[in-house]
Structure formats: C-alpha cells, structure tokens
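Dumping the structure here so I can ask a few things about it.
The values are calculated or read from the model by the stated rules, or taken from the named source; none is laboratory data. This structure is a prediction, so every number in the text was calculated from the model and none was measured. Positions of Cβ are backbone-derived with ideal geometry, glycine not excepted, and every protein chain shown enters the neighbour counts. Just the protein is used for accessible areas: all its heavy atoms, side chains included, with ligands, DNA and RNA removed. Shrake-Rupley method; radii C 1.70, N 1.55, O 1.52, S 1.80 Å.
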Amino acid sequence: MPDNAAPPVTDPRPAPDWDAFADWGRRIADWGADYHRNLRDRPVRAPLTPGRLRAALPPSPPEAGETMAAIWADLDRLVMPGLTHWQHPRFFAYFPANAAPPSILAEFVTAILAPQCMLWQTSPAATELETHVLDWLRQALGLPDAFHGVIQDSASSATLAAVLVMRERALDWAGNREGLSGQGRLRLYTSAEAHSSVERAAWIAGIGAENLVRLPTAGPLRSADPAALRAAIASDRAAGSIPAGLIACTGATGTGASDDLRALLAAARAEGLYTHVDAAWAGSAMICPDFRSLWDGVEAADSVVMNPHKWLGAQFDCAAHFLRAPEDLVRSLAIRPEYLKTHGADGVIDYSEWSVPLGRRFRALKLWFLLRFYGLGYLRAMIRDHVRWAQALAERLRANPRFEIVTEPVLSLFTFRLAGEDDDAQIAFLSRINNDGHIYLTQTRVDGRIALRFQVGAFAVTAEDVQLAGDVLDALAGGPVMTGSGD
Ligand SMILES: *Cc1c(COP(=O)(O)O)cnc(C)c1O
C-alpha cells in the first residue's frame, strides 16, 4: 500500500459520541474546580525552557484517531507543566485576564452552541443580548446614553476600528474606495505612554507610524500635554497635512498614565478630530463612581474601549467598545454583498458592520452571566479591595529603604525598584522574584530606566496574598543583589 493511501474507515463512519462528551464534560468540570482550588500551591510562572514541549510532540499529525483519554493524559503530562497560571491569585504581572466561574460556564455554553453572531438574523437573541448587556455596562460605567456598545475581540481591534473611522472621516470617506495613494498625509495624535496597539492601528490603517505624533507627557498622571496637541495640529495643518484623530488613554499599560481627557478631547474636537479613549485596563474600575475622576471628561469622546476581559472577570475575549455615533463606524466598515443582505429585517443591528472581522462569537453571554451572578456591588467591592491592597503594599515598600517607589499607584498599579541599583540589578531581582514562584511580576521603563510593575487584579487574590507578595519582596531584597547572574 503506498504511503499516501487513505486510512481505512469503518462504514458507516461512527457519529459523534455525545454520551462520552457528557462524561468528559463532567470530568473536565471537576478537574477545573480542583485546578482552581489548588492553584495557590503552583508556581505562578511557567519554567522557561524553550522548545521543551515541541520536542515531546510527534512531528506529524496522527492518521488514525486517538482516544480522549490519551489526549487528556498528554494535556496533564506535557501542556500543564508549561503554562503560566494567569488565574493564579498571586499573578501580579502585566494586567489581569480574569475568568470568573459564571463567565467560564457561559463560554462552555457558547462552545456548545457555537453560533455565528455576524447579523441579527444569524443569531437574533445573541445580537439583542449584546445590545442590552452593553447598555447595562454603559450605565455601570457612568457613560451617557448617547453611547452605543459593541463587543470587539480585543481593545486592539476597537482601536483599529476607531483609527479606520478617523481615516475615512478625514478623507471624506474616500479611503476605502480609492485607496490611500494620492490622498493627503493624515496625522494621528497620542500620548508617549500609549499602548503599542495604537501604533499598529496606524500601520494597518495605512497611515504609518511616522504620522502618529507622540505627545510629551507631564504631571502626576503623566497626561499628554494639551498645549503640545494644539501646537502639533497647528503645525501639521500649516505643513498641509490632515489631522485626523486623537487616541487618548486612561490607565496606560506601563505605569497607568492617564490623560487629562477634558482638556485633550476639547482641543481635538475644536479642530474637528475624531477621538478615541483607550481605557482597556482601567475602564473596569469606572464601575466605581469614586474612581471616575480618572477619566473625567470622557463623555466628550467619540469612541471608548474598555476590556471586561481584564479586571472585571469576563474571560478573554471581551472588549467593550462604546461609540457616540455608530453610523461613522458602520460607514467605514460595512460591506453588503447580496448573501449578507437580510431582506425584511431592517431596523436591526448587524454587529459585523461594527467590526473588522465578519464572523463573531457569542461574547455577550459571559458578560450577562457575570453581571447577573455577581451584581455591580460585588464587583465594585472587589476592585476597591484591589486598589486598597495595592496602595498598602506601595506604602510598605516605601517604608523599606531597600526600595523606592517609581510611580505612585494609579488604581491598583504602581512601579518600584531597588533603591540605588542599576537596570541590570533590577532585572536580576525580577528574575529572582519570578523564579521563586510565589508571585509573578513584570517590568517596564520609566523615563528610560527599568522599574518593576505591581498590579493587583486577580479575581481570587486576597489581602493575605498581597501581604505574602510583600514578604517575598522584602526577603529577596534583603541580601546583596547579584547582578549578571544570568538566571
Ligand atoms: C491591554 C491593553 C491593550 C490591549 O488589549 P487587547 O484587548 O489585548 O488588545 C490596549 N491598551 C491598553 C491600555 C491595555 O492595557
């Protein structure tokens, strides 16, 4: 038999075994509960040995099917030891990517139904639930009812969508039709602290990184300077360029830098620019009225994104994108080939026209389960706890002469470093912290120098976990710091 012969198949091929599916579903639910119950005992970060998993896998796909038991055994044996545990209560790195229990259950339901939610007609209840739950979220965030929400897969996609609107508006809607060659030179403005997704949006939209003006920041919250924005717009206009939009941020990734939205949005709008606010992480905290001063003035924005999939507990992917005039977005992104026309169903929302991909998952379900199960009261209390615990830890580190606080807490994020040590020493210290395994932190650069980031936001974190983090930091900083240890 030649090597490429088709494998023998029984006739008829067996149908999917839904009894076995139900058994495995129960087993996986039990396994998942155990995993979470015992998560505190695992090291947070995966051991870093590049290539280890691939070396253990067969080079080619199997020709004959395998049993679920065999696949499952390899998950435990090969995959689990190589994972960083993002749901670990002592995950203090990056930003949280929480998956709260009701959200996991909703995702399980979504995986079973696997509906496509591109048009109202392809999943009417999913579309209407999305509209409704995002209006709940809008109210929870204190945004005016002029805003209409859509769930994007990520904040990066929302920012890209907003930048595409900036481009089309500024070109009088000619970009999609004519392409960009021969058009004027578009200019975008953002903070020097803005997330990398802003620059990528400028690339992908065909505007180019060189036309993304990074405004200098100032003040305790490291806001982009409104005077610098006005000056940049004026000089760009004088040079014949076309100012198209402002991407402001609330709670930027490195240190939580937050723009003075009131001043910046007013300056941008006075010049006719489209405005987008990236509050991917900090947006979740805006369910607490006491924190809303951080984005004071946000109601003037055209577009706002925040990620319930970070701090709020709806698991990835769930980016809530609020728009004052969804028509601008639809005009930039809608395409209507015959097979997508929904005759007789006018007056409904087809959310595929609000986002770059056509296909869409049923992402509203997890937000609905989450908001109903916890209620805003629980979620607000959780976020306030995290903020308080982060601030208490910052005070504790400030009191230890081995440390200096580099940037003050913005909500639950602050940065610090070993006092009087160079960048290499900071990185070596970070390696020791993360190899120790009790906690996981990441670094950033502040004014060119390495600082260690600490954010509290895991759904399961307790005050004791944050205290333990302080104990680990004190203990590991206690002795002399070895540099260049290469670990
Ligand atoms: C996390 C983050 C992003 C990117 O979010 P995705 O949903 O992963 O695309 C963008 N901006 C800020 C400020 C962030 O914190």
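Classify the range 139-262 as rounded, prolate or oblate, taking a ≥ b ≥ c as the square roots of the eigenvalues of its Cα gyration tensor: rounded when a/c is under 1.5, otherwise prolate if a/b is larger than b/c and oblate if not.
It comes out oblate by the Cα gyration axes.
Obtain the nm distance between the two label points defined at R200 and S181 by a simple spin-label model: each point lies 7 Å from its Cα along the Cα-to-C-beta direction.
Calculated label separation equals 2.7 nm.
Run the paramagnetic zone check for D471: 7 angstrom along Cα to Cβ, then residues of the range 414-457 with backbone nitrogen under 15 Å.
437-439
Could I ask something else about it? What percentage of the solvent-accessible surface of the chain, computed with a 1.4 Å probe over protein heavy atoms, is contributed by carbon and sulfur atoms? Before the final figure, lay out each step's value.
Working: 12670 of 22670 Å².
After summing per-atom areas, the C and S share lands at 56 percent.
For the chain, what is the Kirkwood hydrodynamic radius in Å, using each pair of distinct C-alpha atoms?
Working: mean 1/r = 0.0404 Å⁻¹.
Hydrodynamic radius (Kirkwood, Cα pairs) of the chain is 24.8 Å.
With every protein chain left in place, what is the accessible area per residue of the chain in square angstrom, probe 1.4 Å?
Numbers: 22670 Å² over 487 residues.
Solvent-accessible surface per residue comes out at 47 Å².
With the crude spin-label approximation of a point 7 Å out along Cα→Cβ, what separation in nm comes out for Y378 versus S431?
Spacing of the two 7 Å Cα→Cβ label points: 4.3 nm.
For Y440, what accessible surface area do you get with a 1.4 Å probe? Give it in Å², rounded to 10.
Rounded to the nearest 10, that gives 20 Å².
Using θ = phi - 60° and the Karplus form 6.51 cos²θ - 1.76 cosθ + 1.60, what ³J(HN,Hα) does each residue of the range 78-95 get, whole Hz, x for Gly and Pro?
Those phi angles translate into 9, 8, 4, x, x, 9, 8, 8, 5, 8, 5, x, 9, 7, 10, 8, 5, 10 Hz.
Let me ask something additional. Which whole-number percent of Cα pairs in the range 24-135 have a distance greater than 26 Å?
Working: 2652 of 6216 pairs.
It works out to 43 percent of all Cα pairs.
Quote the accessible area belonging to R222 in square angstrom, nearest 10, computed with a 1.4 Å probe and with ligands, DNA and RNA left uncounted.
40 Å²
Need the full-extension length gain, I335 to E128, defined as separation in residues times 0.36 nm minus the C-alpha distance. One decimal, nm. Working shown, then result.
Working: separation 207, 0.36 × 207 = 74.52 nm, distance 2.11 nm.
Fully extending the segment from I335 to E128 adds 72.4 nm.
Sticking with this structure for a sec: What FRET efficiency comes out for Q116 versus D11 if R0 is 30 angstrom and r is the Cβ-Cβ distance? Round to the nearest 0.05.
Values: r = 32 Å, r/R0 = 1.06.
Working from the Cβ atoms, E equals 0.40.
For the range 332-451, what value does the Rg/Rh ratio take when both radii are computed over Cα atoms and Rh is the Kirkwood radius, given to two decimals?
Numbers: Rg = 23.6 Å, Rh = 19.2 Å.
Reported Rg/Rh (Cα atoms, Kirkwood Rh): 1.23.
Of W203, W120, W354, W72, which has the most accessible area and how do the rest follow, probe 1.4 Å?
Details: W203 140, W120 65, W354 20, W72 45 Å².
Reading off the accessible areas and sorting them downward yields W203, W120, W72, W354.
Now for a separate question. With N set to the residue count of the range 116-361, report its C-alpha Rg divided by 2.2 N^0.38 Å to two decimal places. It would help to have the intermediate numbers written out before the result.
Values: Rg = 17.5 Å, N = 246, 2.2 N^0.38 = 17.8 Å.
So the Cα radius of gyration is 0.98 times the expected 2.2 N^0.38 Å.
While we're on this one: Distance in nm between label sites at A239 and Q391, each 7 Å beyond Cα in the beta-carbon direction?
Each label point lies 7 Å from its Cα, and together they span 4.3 nm.
To continue, here is another question. Can you give the FRET efficiency to the nearest 0.05 for I405 and A146, using r as the Cβ-Cβ distance and R₀ = 41 Å?
Details: r = 39 Å, r/R0 = 0.96.
After rounding to 0.05, the efficiency reads 0.55.
Related question: For all pairs of alpha-carbon atoms in the range 234-378, what percent lies in each bin of width 10 Å, listed from the first bin to the last filled one?
Bins of 10 Å from zero give 10, 32, 33, 19, 6, 0 percent of pairs.
Contact order normalised by length for the range 404-471, with contacts defined as Cα pairs under 8 Å and 6 or more residues apart; what percent is it? Walk me through the numbers on the way to the answer.
Working: 78 pairs, mean separation 20.5, N = 68.
Once divided by the residue count of the range 404-471, the mean separation gives 30 percent.
Could I ask something else about it? May I ask you to give the average projected area over all directions of the convex hull of the Cα atoms of the range 394-486, in nm² rounded to one decimal?
5.9 nm²
Nearest 0.05, what FRET efficiency do A22 and A266 give at R0 = 51 Å with Cβ-Cβ as r?
Values: r = 58 Å, r/R0 = 1.14.
The formula returns an efficiency of 0.30 here.
OK, next. Could you compute how much accessible surface D290 exposes when probed at 1.4 Å, giving the result in Å² to the nearest 10?
Around 80 Å² of this residue is reachable by solvent.
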